[in-house]
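For reference, the structure discussed in these notes is given below.
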Amino acid sequence: MSIKTIAIHQPNFFPWLGYFYKMSKADVFVFHDNVQITKSGPTRRVKIKANNPNDDFQWLTVPLTKHSDFSLIKDLEISFEKNWIQKHLALIREAYRHYDNFQQFYPVLSAWYDEFHSFTSLSKLNIWLIKTIADYLEIKCVFYESSVLPVGGVSSAYNVNIVQHLGGSRYLSGKGGDNYQDHQQFTERDIELMVLDARNAIEMKLPEYKNAIGFSSIELFMSLDIETLRRVIHT
């Protein structure tokens, strides 16, 4: 029987490079959009280099319309009351204009941002952006959204049910998953649970960028050419 590796993650805004490293090791990647937003989490905001030398970082935040703290990610709506797209681009341009790969990547980034006007759903925007970046990095896998799958559950049980429904025999988890996952639930369903330390793997490949790896992937796209990043992701 062939092994199908499945990874599951919330659709975050401009994720860090480790998100795509994990994706590249999976056959199937599921966007977990059917769970509550984490108020201070990365679903709607991400760190980039600070323009102020006294700060360690600054946030790129996607503004939302009024919503409950218990809203599901799939139900979050973007607010266009203010021109946050141009604000993001201005912040990014000022932060990275002296970086080695700025001239090559900024036009690509700007073209992606131009597409953001087409979305009202934060989840749909994030999923489109992540797929676009995955294609840019030449990552090939099958994508699903948890909200359209006929399964449910809480925490580990939800992940187990998704993997089983999609015919997976291996679940690829990030290191942070150990904080809540019940390993026994996977064992009982004959699903191999693998934990991937993406941060350590990328730090070993790019030790000079250790302090910036947790930032948005924008940081490394501005620093390194695309062929180098593809090698990091696929090696």
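The values are calculated or read from the model by the stated rules, or taken from the named source; none is laboratory data. Since this is a predicted model, take the numbers as computed values, not measurements. FYI the Cβ positions are ideal-geometry reconstructions off the backbone, even for glycines, and counts take in every protein chain you see. With ligands, DNA and RNA removed, areas are computed over all heavy atoms of the protein, side chains included. Shrake-Rupley method; radii C 1.70, N 1.55, O 1.52, S 1.80 Å.
Some points to look at:
- Qualifying residue in the range 185-201 (condition: among the polar types (S, T, N, Q), touching a Leu at 6+ places or on another chain (Cβ under 7 Å) and either touching a residue at least 24 places away in the same chain (Cβ under 8 Å) or more than 28 Å from Leu149 (Cβ to Cβ) (or both)): no
Yes/no matrix, rows are residues, columns are (1) at pLDDT 95 or above; (2) at positive phi; (3) of a type in the set (Ser, Thr, Tyr):
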residue	(1), (2), (3)
Asp55	no, no, no
Val62	yes, no, no
Trp84	yes, no, no
Glu94	yes, no, no
Arg97	yes, no, no
Tyr113	yes, no, yes
Asn126	yes, no, no
Ile133	yes, no, no
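- Some residue of the range 154-171 being of a type in the set (S, T, N, Q), open to solvent by 20 Å² or more (accessible area, probe 1.4 Å), modelled with pLDDT under 90 and touching an Asp or Glu at 6+ places or on another chain (Cβ under 8 Å): yes
- Among strands (runs of 3 or more DSSP E) entirely within the range 33-149, having at least 1 residues that are of a type in the set (Val, Ile, Thr) and without any contact (Cβ under 8 Å) to a residue 24 or more places away in the chain singles out 58-61.
- Residue list for the range 60-110, filter: closer than 16 Å to Pro42 by Cα and loosely packed, with under 12 Cβ neighbours inside 10 Å: Asp69, Phe70
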